[in-house]
Amino acid sequence: MEEYKIPKHVSIIMDGNGRWATRRGLKRSEGHLAGSKTLEKLAIHAIDKGVEVLSVYAFSTDNFKREQAEVDYLMNLFIKMFSTKFATLKKKGIKVVFSGRKENLRDDVLKAMNKIVNETKDNTRGILNVCLNYGGQEEIVDAVKKIVSEGVDPDTIDKNTMYHYLYNDLPPIDLLIRTSGECRVSNYMIYQMAYSEFYFTDCLFPDFLEDEFDKAIDAYNGRDIRLGGNSEKEE
Ligand code: FPP
């Protein structure tokens, strides 16, 4: 029997918080709050299962176009999560890192981000990469700017060099999950998902709890992963 594979890097587009709330006659903000509780559980579950890196799309550069009240609610929720709830992640030995641009983020948000990064920097059980004020094309542009400003010799640049210049030097994404039935990539970690398996589910993010995560890992195990080579499964 084939060995059950745990993907090294799983990345989630956490979509559907608003619809989850609206369907229950609640405010959108309550959907985000429910989503934040799901994220806390999932991070612990994923790392306990042996996933090395869990990346999540918390806020895109485009999300600033949302109503100011929703943006403010999300920023305050992030602060609350990083300064209180993420303590459980810290205890579990999970290192928290962030990907995204620092510009346009409020000082109190930056402060809460820096604090959790410092408090967890020596943790080694797994990594939670929170993409905040993040865009995949922006990440590539920022990497190119860094490469140019450092005067790197073009002949020394290869696919792996690029990883080093992205916001965090993380392994490529093995499994990309998007909840809520949307089948788009939405400018998310486009360099790192060149060879990812995709798992799209109708489940709304607040309901994407441990059992739903396990279904995604089961689906990943049913895939024939070739990375451009030949099939290992019988024809
Ligand atoms: C997308 O749902 C979700 C977001 C833009 C925010 C994601 C944030 C969380 C899950 C909160 C916790 C995160 C951290 C890092 C503490 P949507 O609002 O687009 O839903 P809709 O498509 O149904 O409107």
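The values are calculated or read from the model by the stated rules, or taken from the named source; none is laboratory data. Because the structure is a prediction, the values reported are computed rather than measured. Cβ coordinates were reconstructed from backbone atoms using ideal geometry, including for glycine residues, and neighbour counts include every protein chain displayed. Areas reflect the complete protein model, heavy atoms only, side chains present, ligands, DNA and RNA absent. Shrake-Rupley method; radii C 1.70, N 1.55, O 1.52, S 1.80 Å.
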Using a probe of 1.4 angstrom, how much of the accessible area of segment 120-235 is carbon and sulfur, in percent?
48 percent
Please compare each pair in Lys121/Lys215; Lys8/Lys90; Lys65/Lys92; Lys5/Lys102; Lys145/Lys215 to a cut-off of 29 Å on the Cα-Cα distance and tell me which ones are over it.
Lys121/Lys215; Lys65/Lys92; Lys5/Lys102; Lys145/Lys215
Give me the 1.4 Å probe accessible area per residue for segment 123-231, excluding ligands and nucleic acids, in Å².
49 Å²
Taking loop as defined by DSSP and a crowding limit of 15 other beta carbons within 10 Å, which trypsin sites (Lys or Arg not before Pro) in segment 139-235 fit?
Arg184, Arg223, Arg226, Lys233
Rule-of-thumb check for segment 135-235: C-alpha Rg over 2.2 N^0.38 Å?
1.33
Residue order for Leu110, Leu54, Leu26 - accessible surface, 1.4 angstrom probe, largest first
Leu26, Leu110, Leu54
Accessible surface of Cys183 - all protein chains present, 1.4 Å probe, nearest 10 Å²
90 Å²
Alpha-carbon radius of gyration plus Dmax, which is the widest Cα pair, for the chain in Å:
18.0, 58
How much mean residue ellipticity at 222 nm does the chain get from its helices, if each DSSP H run of length 4 or more adds -39500 (n - 2.57) and you divide by all residues, to the nearest 500 deg cm²/dmol?
-12500 deg cm²/dmol
What figure in square angstrom, to the nearest 10, would you give for the accessible area of Phe98 with a 1.4 Å probe?
20 Å²
Enclosed volume per residue, in Å³, of the convex hull spanned by Cα atoms of segment 1-108:
130 Å³
So if I place +1 on the C-beta of Lys and Arg and -1 on the C-beta of Asp and Glu, and nothing else carries charge, what would the dipole magnitude of the chain be about its Cα centre? I want it in debye, nearest 20.
1080 debye
